[in-house]
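**Q** Please find one structure pasted underneath; my questions will follow.
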Amino acid sequence: MTRQTFGSPKSPLRSTHRVVVETDCFTYHQGSVAFEDDHARELDLRQRGYTVLRFADTQIEEEPARVVADVARALGRETG
């Protein structure tokens, strides 16, 4: 899985929502540096008022409806 950035606090997408979605996979987080970096970034984002949603790659692949519903909830939208 590759890291993709679609927006950030420094260059946000045009949106009224302050929601960040991050994905994790075991391969990327085998080292403690990546793990620590992710948690430092998440704390920084939360302190700036962002809601951070974190999903494992397997959740996205195996439970996409649950992931979509969680993101929709964070954005204040219902899924049907």
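**Q** Going by the structure shown, is ALA65 out of contact with any Phe, Trp or Tyr (no Cβ under 7 Å at 6 or more places or on another chain) and either assigned to a helix (DSSP H, G or I) or modelled with pLDDT of 95 or more (or both)? Spell out the reasoning first.
**A** Working: out of contact with any Phe, Trp or Tyr (no Cβ under 7 Å at 6 or more places or on another chain): yes; either assigned to a helix (DSSP H, G or I) or modelled with pLDDT of 95 or more (or both): yes.
Considered against the rule, which asks whether it is out of contact with any Phe, Trp or Tyr (no Cβ under 7 Å at 6 or more places or on another chain) and either assigned to a helix (DSSP H, G or I) or modelled with pLDDT of 95 or more (or both), ALA65 comes out as yes.
**Q** Still on this structure, please answer the following. Out of the residues in the stretch 23-56 that are charged (D, E, K, R), touching a strand residue (DSSP E or B) at 6+ places or on another chain (Cβ under 6 Å) and surrounded by 14 or more Cβ atoms within 10 Å (Cβ to Cβ), which is modelled with the highest pLDDT?
**A** Among residues in the stretch 23-56 that are charged (D, E, K, R), touching a strand residue (DSSP E or B) at 6+ places or on another chain (Cβ under 6 Å) and surrounded by 14 or more Cβ atoms within 10 Å (Cβ to Cβ), the one modelled with the highest pLDDT is GLU42.
**Q** Keeping to the stretch 45-75, report how many residues are within 18 Å of ARG18 (Cα to Cα) and in contact (Cβ under 8 Å) with a residue 24 or more places away in the chain. It would help to see each step written out before you state the result.
**A** Narrowing the stretch 45-75 to residues within 18 Å of ARG18 (Cα to Cα): 45-55, 67-75.
Add one more test, that the residue is in contact (Cβ under 8 Å) with a residue 24 or more places away in the chain, and what stays is 45, 48-55, 71, 74-75.
Result for the stretch 45-75: 12.
The values are calculated or read from the model by the stated rules, or taken from the named source; none is laboratory data. Remember, it's a predicted structure, so these values are computed and weren't measured experimentally. A quick note on method: Cβ atoms are made from the backbone with ideal geometry, for glycine too, and the neighbour counts reach across all protein chains shown.
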